[in-house]
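Colleague: Just dropping this structure here.
What follows draws every value from the coordinates through simple rules; no lab data is involved. Remember, it's a predicted structure, so these values are computed and weren't measured experimentally. A quick note on method: Cβ atoms are made from the backbone with ideal geometry, for glycine too, and the neighbour counts reach across all protein chains shown.
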Amino acid sequence: MYEPLEILKRVYGYERFHPLQEKVISHVLDGHDALVLMPTGGGKSICFQVPALCRDGLTLVISPLVALMRDQVEALKANGVAAALINSTQTLEEADQVLQDIAGKRLKLLYISPEKLFGGFITGRLSQWNINLIAVDEAHCISFWGHDFRPEYTKLGRLRELLPGIPLIALTATADPAIRRDILAQLSIDENSVFQSSFDRPNLHLSVLPGQKRFERLQEFLKTHRNQAGIVYCLSRAGTEDLAGKLSRLGYKADAYHAGMSTEARHRIQDAFLKDEMTIMCATVAFGMGIDKSNVRWVIHWNLPKNLEGFYQEIGRAGRDGLPSDTLLFYSYADVVQQLKFLDEASPERRELLTAKLDRMKQYAEAMICRRRILLSYFGETLEEDCGHCDVCENPPETFDGSVVAQKLLSAVYRTGERATLRHCALILRGSHAQEIVEPGWHDLKTFGVGRELKFEEWMEYGSQLINAGYVSVAYDRGMTLQLTPLSRPVLKGEKSVPLVKFRSFEEKKAAAPQPKPAAADDGDPELVELLKAVRKKLADEHEIPAYVIFSDKTLKDMASKVPKSSLEFRQVHGVGEVKAESYGPIFLRAIKEWLGTGS
Ligand code: ADP
Ligand code: ZN
């Protein structure tokens with residue numbers, strides 16, 4: 001029996017536990033079950049890995065995806081921990097070796113999918129394995145109400161009968177109350193064993209931009225994120241390929257990833273991303289679960305996601321190392337339409353739930369108040385103060401009396417007989433002689449050209465605001481044409497004033513936003529950091545493991561700031577445990593020595 005803190009320092013090279021980790025670990029070591037709710041990057045793995053290493057015996061880790069298991073096992077092995085996995089892609093010999101290691105009591109952690117667990121002879125052997133703890137990772141997969149529901153996960157309740165008295169710890173990054181109740185019920189965990197940390201991820205910057213000119217915006221964004229790894233989430237498979245193609249032609253190291261590609265191609269692309277050979281991943285939501293890459297510096301949503309759960313999990317893939325990272329969502333009402341169309345396929349009961357979730361997502365995108373407040377309130381948390389680290393906080397919206405603007409737009413809707421889209425209305429108000437306006441004869445309307453004082457983009461923006469506020473609606477089933485609503489009439493008659501948020505161009509917004517901060521003093525010399533990254537890359541290639549399994553970015557920065565000159569000093573660097581100090585220490589120390597020698 002080891003002390004948890006001793007394991008943390010010796011194996012992982014970390015100085016202290018996060019507050020909740022400590023509580024969970026002592027609860028579990030006392031023989032109790034636990035449900036751990038922490039955001040992505042919150043440090044869930046330590047909660048079951050450390051207890052596993054404190055005690056004799058084997059810890060069984062249930063995980064839904066092979067990629068996820070592989071990464072965690074690699075990371076554990078790099079720290080000198082005896083971990084293995086059983087999955088369907090293994091050869092018989094490999095699986096046999098694992099079983100022998102279990103019989104010989106040489107293994108501390110075994111990762112396994114529910115299919116394998118219940119699919120064959122393994123169920124019958126469990127009781128002989130001296131299991132000390134069961135960990136159910138990504139536990140939300142058990143719930144029908146979750147976005148990652150996996151039917152085979154619902155069998156996991158059987159483990160309680162198969163392994164009576166063995167503590168079970170379930171972990172997830174989803175804090176939705178319905179899902180949480182489901183996990184507790186199915187796994188027979190009691191209400192007093194729930195540990196929930198704050199879902200706030202203060203290192204993530206939150207921002208939203210209107211969906212017009214996305215590609216130009218993206219290029220602007222990339223200029224300030226050179227050579228940084230990032231993910232662009234797109235709605236469609238074709239979208240990912242199109243975007244990756246465009247970016248590649250401009251010289252970016254970008255690639256597409258979606259469920260329609262062969263397993264082999266997906267592995268290759270994922271690998272290149274993990275190894276920092278490719279930096280921009282254009283993907284559908286099929287990508288990401290189980291990606292442990294800690295140095296993803298930004299996540300962009302090209303389209304509006306279906307709900308805040310998924311959105312938060314996706315942006316959560318940025319900045320798992322705790323370093324500042326950016327998130328950006330493009331928002332247009334065409335994306336809302338698209339999402340609503342998907343809902344048509346759902347059963348009526350499910351549709352109601354999904355529509356409500358989509359509404360919360362829209363509220364985030366349209367927020368006039370601190371976005372983090374909206375996000376956290378979804379997870380049942382309240383912030384004491386505005387976060388100061390989202391676009392709304394940095395650049396609070398300015399409102400004005402938009403009654404005249406609203407009247408002009410609504411009268412265009414009225415005079416076109418509710419047969420025009422927002423784009424048409426904007427063109428009519430601007431007095432455009434485009435074919436699409438002249439053909440229906442709209443250039444003869446009384447409203448034609450009465451809105452020349454505003455730019456096209458401004459009309460589009462104010463139009464969306466009026467739609468969002470319900471002064472006009474979109475007929476999704478009639479070519480997205482604008483329709484009057486009960487709220488329109490009082491506005492048209494001048495009986496009601498309409499506040500609007502002042503339009504600001506992208507350039508104005510950019511000018512008003514605070515400039516990115518220069519590297520913090522304790523980040524070390526950037527030149528040395530780059531050099532250490534190159535050393536890491538070379539090692540990763542040699543050992544055929546992802547770069548971050550060797551060391552995280554945070555570790556390299558701490559190394560560059562501490563500039564260790566001996567193995568003793570090397571061991572003081574954040575994230576350097578006993579085994580890594582031994583296996584990688586000499587190589588990094590040599591590189592640092594040479595760098596110092598070249599006299600900078
Ligand atoms: P999650 O599974 O909750 O998404 P991880 O377990 O992958 O998060 O942890 C995220 C990162 O934080 C990892 O790089 C992990 O090594 C690191 N980490 C976890 N606990 C600590 C700690 N107590 N001190 C320092 N780093 C930690
Ligand atoms: Zn804020």
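Colleague: Given a Förster distance of 45 Å, report the FRET efficiency between M1 and F149 from their Cβ-Cβ distance, rounded to the nearest 0.05.
Modeller: Efficiency, from the Cβ-Cβ distance: 0.70.
Colleague: Another question, if that's okay. Pick out, from Q196, C370, L532, the residue whose Cα sits farthest towards the positive end of the charge dipole of the chain, with +1 on the Cβ of Lys and Arg and -1 on the Cβ of Asp and Glu.
Modeller: Projecting each Cα onto the dipole axis, the largest value belongs to C370.
Colleague: Please report the relative contact order for segment 4-196, taking Cα pairs under 8 Å with a sequence separation of at least 6, and give it as a percent rounded to a whole number.
Modeller: RCO, segment 4-196: 29 percent.
Colleague: Turning to a different aspect of this structure: Restricting to Cα pairs below 8 Å that are 6+ residues apart, what does the relative contact order work out to for segment 204-394? Please round to a whole percent.
Modeller: In percent, rounded to a whole number, it is 25.
Colleague: How far is helix 553-562 tilted off the main Cα axis of the chain, in degrees rounded to 10, range 0 to 90?
Modeller: Around 70 degrees separate the two axes.
Colleague: May I pose another question? Quick one: plug the Kirkwood hydrodynamic radius of segment 399-501 (C-alpha pairs) into Stokes-Einstein at 25 °C, 0.890 mPa s, and report D in µm²/s.
Modeller: Value of D from the Cα-based Kirkwood radius: 184 µm²/s.
Colleague: Can you work out the PRE-style zone for N130? Point 7 Å along Cα to Cβ, and I want the residues of segment 65-105 with backbone N under 13 Å.
Modeller: 101-105
Colleague: Placing +1 at every Lys and Arg Cβ and -1 at every Asp and Glu Cβ, with all other atoms neutral, what dipole size does segment 181-274 have around its Cα centre, in debye to the nearest 20?
Modeller: 640 debye
Colleague: Next question. Using the 10 angstrom Cβ neighbour count as an exposure proxy, how do T416, T284 rank, fewest first?
Modeller: The most exposed by this proxy come first: T284, T416.
Colleague: Next question. Could you work out, for segment 69-196, what percent of all Cα-Cα pairs fall into each 5 Å distance bin, beginning at 0 Å and stopping at the bin that holds the largest distance?
Modeller: Using 5 Å bins, I get a P(r) of 2, 9, 19, 22, 20, 15, 9, 3, 0 for segment 69-196.
Colleague: So how many Å³ per residue does the convex hull of the Cα atoms of segment 204-394 work out to?
Modeller: Dividing the Cα hull volume of segment 204-394 by its residue count gives 128 Å³.
Colleague: With N set to the residue count of the chain, report its C-alpha Rg divided by 2.2 N^0.38 Å to two decimal places.
Modeller: This ratio for the chain stands at 1.09.
Colleague: Let me know the charge dipole size of segment 399-501 about its Cα centre in debye, to the nearest 20, where only the beta-carbon of Lys, Arg (+1) and Asp, Glu (-1) is charged.
Modeller: Using Cβ point charges on Lys, Arg, Asp and Glu, segment 399-501 gives about 240 debye.
Colleague: Next question. Does anything in segment 1-29 have its amide N under 18 Å from the 7 Å Cα→Cβ label point of Q572, and if so which residues?
Modeller: Label zone hits: 9-10, 13-16.
Colleague: Here's another thing I want to ask about it. Need the C-alpha centroid separation for segment 271-297 versus segment 102-138, integer Å.
Modeller: 29 Å
Colleague: A follow-up question, please. Would you work out which of G165, I142, H389 lies farthest towards the positive end of the dipole of the chain? Charges go on Cβ: Lys and Arg +1, Asp and Glu -1.
Modeller: H389
Colleague: A follow-up question, please. So how strong a dipole does the chain carry about its Cα centre when Lys and Arg Cβ are +1 and Asp and Glu Cβ are -1, to the nearest 20 debye?
Modeller: 820 debye
Colleague: In which sequence would M361, M559, M480 go, from the one with the fewest C-beta neighbours within 10 Å to the one with the most?
Modeller: M480, M361, M559
Colleague: With contacts defined as alpha carbon pairs under 8 Å and 6 or more residues apart, what's the relative contact order of the chain in percent?
Modeller: Once divided by the residue count of the chain, the mean separation gives 14 percent.
Colleague: Let me ask you something else. Would you order V11, V299, V450 from fewest to most other beta-carbon atoms within 10 Å of each residue's own beta-carbon?
Modeller: V450, V11, V299
Colleague: Kirkwood hydrodynamic radius (Cα pairs, Å) of segment 526-597?
Modeller: 11.9 Å
Colleague: Summing -39500 (n - 2.57) over the DSSP H runs of n ≥ 4 in the chain and dividing by its residue number, what mean residue ellipticity at 222 nm do you reach, to the nearest 500 deg cm²/dmol?
Modeller: So the calculated ellipticity at 222 nm is -13000 deg cm²/dmol.
Colleague: Can you pull the one-decimal nm distance between simple spin-label points at D190 and K23, each 7 Å off the Cα toward Cβ?
Modeller: Going by the 7 Å Cα→Cβ label model, 1.7 nm.
Colleague: In whole Å, what three semi-axes, largest first, describe the equivalent ellipsoid of segment 1-88 built from its Cα gyration tensor (square root of 5 times each eigenvalue)?
Modeller: So the three semi-axes of segment 1-88 are 20, 15, 14 Å.
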